[in-house]
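Rule-based calculations on the coordinates, nothing more; no lab input. In this text, all values refer to a predicted model and were calculated from it rather than measured experimentally. In this analysis, Cβ positions are derived from the backbone assuming ideal geometry, glycine residues included, and neighbour counts consider all displayed protein chains.
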Amino acid sequence: ETGVTQTPRHLVMGMTNKKSLKCEQHLGHNAMYWYKQSAKKPLELMFVYSLEERVENNSVPSRFSPECPNSSHLFLHLHTLQPEDSALYLCASSQEGTYNEQFFGPGTRLTVL
Amino acid sequence: GQNIDQPTEMTATEGAIVQINCTYQTSGFNGLFWYQQHAGEAPTFLSYNVLDGLEEKGRFSSFLSRSKGYSYLLLKELQMKDSASYLCAVRGGSGGGADGLTFGKGTHLIIQP
């Protein structure tokens, strides 16, 4: 596989469920990102990881918990979400030290019932 | 604060030229990106400007004026496949590092035959 992959592509969960989103990049990059894209709103940065260390948490509620076990993988653990958290969750990666073009995965379409 | 403005929707004719404007007011600036996003797909990188002036890439060009907080994306010889959303994004930070992007809401471009 090439580029940035995300699984699952679609997820429906109840407010009491716990689920995880997975992202994998095959580009040899050293930085990874989570973004949220809601209808009629701009893409919102959630988390930034550089060399597996979290460098930015953009005031995201604690019901979203990221994990970056290595430079190729990024997870977003979800628990006790709200219906307003329904959105497209996009993962991206980039290489630090360059102009840092970010490559995006196809996203996970999340619906919270 | 961070504020990025671009028109919500534009319509153009196949074979013509269209210019999509973006104005920004951000607390830091280290580059401006344009991305294309087709419905249901990931954003894909189009262009990057960090210095004032015009960057040309085939049918796409992007312009930046840092003093005016202004950029535009110029699309020439429009094709039906150019119907998509065009996202303007600004990177803050000190450059070279893993900085998240702040996005505008996107401009939905409709190409008519």
_Condition first: among the hydrophobic types (A, V, I, L, M, F, W, C) and either in a loop (DSSP other than H, G, I, E, B) or in contact with a Lys or Arg (Cβ under 6 Å, 6 or more places away or on another chain) (or both). Now tell me which residues in region A:101-113 satisfy that._
A:Leu113
*Boolean, B:Tyr70 is away from every other protein chain (no Cβ under 14 Å) and either closer than 20 Å to B:Met10 by Cβ or acidic (Asp, Glu) (or both)*: yes
*Has region B:83-95 got any residue that is surrounded by fewer than 21 Cβ atoms within 10 Å (Cβ to Cβ), under 26 Å from A:Ser50 (Cβ atoms), within 14 Å of another protein chain (Cβ to nearest Cβ) and of a type in the set (A, V, I, L, M)?*
no
*Collect the residues in region A:30-44 that are hydrophobic (A, V, I, L, M, F, W, C) and more than 9 Å from every other protein chain (Cβ to nearest Cβ), keeping them in residue-number order.*
A:Trp34, A:Ala39
_Checking the condition out of contact with any Ser or Thr (no Cβ under 8 Å at 6 or more places or on another chain), touching a residue at least 24 places away in the same chain (Cβ under 8 Å), over 30 Å from A:Arg9 (Cα atoms) and surrounded by 19 or more Cβ atoms within 10 Å (Cβ to Cβ), which residue from B:Gly15, B:Gly31 passes?_
B:Gly31
*In region A:30-48, is there at least one residue being farther than 21 Å from B:Lys105 by Cα and surrounded by fewer than 13 Cβ atoms within 10 Å (Cβ to Cβ)?*
no
*Which condition does B:Thr44 not pass, out of (1) in contact with a strand residue (DSSP E or B) (Cβ under 7 Å, 6 or more places away or on another chain); (2) more than 10 Å from chain A (Cβ to nearest Cβ); (3) without any contact (Cβ under 8 Å) to a residue 24 or more places away in the chain, if it passes all the others?*
(2)
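Taking the condition under 27 Å from B:Trp34 (Cα atoms) and of a type in the set (Asp, Glu), does A:Glu84 pass?
no
Whether any residue in region A:49-61 is facing chain B (nearest Cβ under 9 Å), of a type outside the set (S, T, N, Q) and within 12 Å of the chain's Cα centre (by Cα) is what I want to check.
Yes: region A:49-61 contains one or more residues that are facing chain B (nearest Cβ under 9 Å), of a type outside the set (S, T, N, Q) and within 12 Å of the chain's Cα centre (by Cα).
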_All positions within region A:60-100 that are over 23 Å from A:Met13 (Cα atoms) and surrounded by fewer than 16 Cβ atoms within 10 Å (Cβ to Cβ)_ = A:Pro69, A:Asn70, A:Glu96, A:Gly97, A:Thr98, A:Tyr99
*Taking B:Glu41, is it out of contact with any Cys (no Cβ under 7 Å at 6 or more places or on another chain), of a type in the set (Asp, Glu) and farther than 20 Å from B:Leu109 by Cα?*
no
